[in-house]
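First up is the structure itself, then whatever we jot down about it.
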Amino acid sequence: MDSTVGVLVRYGYLVVFGSVLAEQIGIPIPAIPFLLAAGGLAGSGKLSLALVLVLSGIASLMADMAWYVVGRLGGARVLGWLCRISLEPDSCVRRTETIFSKHGPRSLVVAKFIPGFSTIAPPLAGIVRMPLGRFVVFSALGGLFWAGAFIALGWVFSYQLEIVGEYAVRFGKSTLVLVGAALGGYIAWKFISRQRFLRKIRIARITPAELKAKLDRGEDILIVDVRDRIDFESEPTIIPGALHLTIEDMDSRHQEIPREREIVLYCT
């Protein structure tokens, strides 16, 4: 245990900075355990609380700035790529855009506490061309708020974390196996749930090629473009004759959709 603490004390600032930067960039390296450990070490006087917080905030802002630039240059297709590699691609874009549309720049303050929103919010801010100064302020506040919460938690429970660390070292490889099994089980459960969902709705899906063939044959089809406002504004091109309304508009504008025609919905 002493050697483990010694390594964390010696390289703690670098580990915290690197783990936060990696997680916020999108690399699957969890930063929270390192923030908790750094907070615990700060609580016992082995690390500087202020320096840990500042380094975490800088790393978070650096990653957010990189994604902001990517979103600004890449446009809406960046969101589609990010969500395709997530475990919940069918709801990723919709959930993110709904939160962002409703709360605007303020959503960046709490974005890092919302699964799936942390990495996607910065490029989304770039896509909608949020002013850089406003983005930096809210993103920096969000990073400090997020990192500070876990550092403070580690600082408050520094004694308990030390006990947990002792047990983890005592059990050695068993701890790693248990953590790995839990993570693997979670990923497997999300994957299986997604496959079941896709099987249920597969019959209701239609490919772009199939839709074009129906239109070429002159079939009576109404196309409803349900893209979110952010997607529509960033790429306002629409299929000729299609009706545009968001999912949120469905309740108030459902009478615009005729019931006697075949209806095809499409989004991002």
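With neighbour counts taken as other beta-carbon atoms within 10 Å, the residues Val226, Val136 rank, fewest first, as Val136, Val226. Close amide H pairs (under 5 Å, H built 1.01 Å from N) link Leu243 with Ile223, Val224, Asp225, residues at least 5 positions away or on another chain.
Counting neighbouring beta carbons within 10 Å and listing from fewest to most, the residues Tyr68, Tyr13 come out as Tyr13, Tyr68. Couplings 3J(HN,Hα) for region 31-40, derived from phi with the Karplus relation 6.51 cos²θ - 1.76 cosθ + 1.60 (θ = phi - 60°), are 8, 4, x, 6, 5, 5, 5, 5, x, x Hz, where x marks Gly and Pro. The residues Glu210, Glu260, when put in order of fewest to most other Cβ atoms within 10 Å, stand as Glu260, Glu210.
Computed from the coordinates by the stated procedures, all read-outs in this text should not be read as laboratory data. Just so we're clear, the structure is a prediction, and the values are computed from it rather than from any experiment. Backbone-built Cβ (ideal geometry, glycine too); neighbour counts: all protein chains shown.
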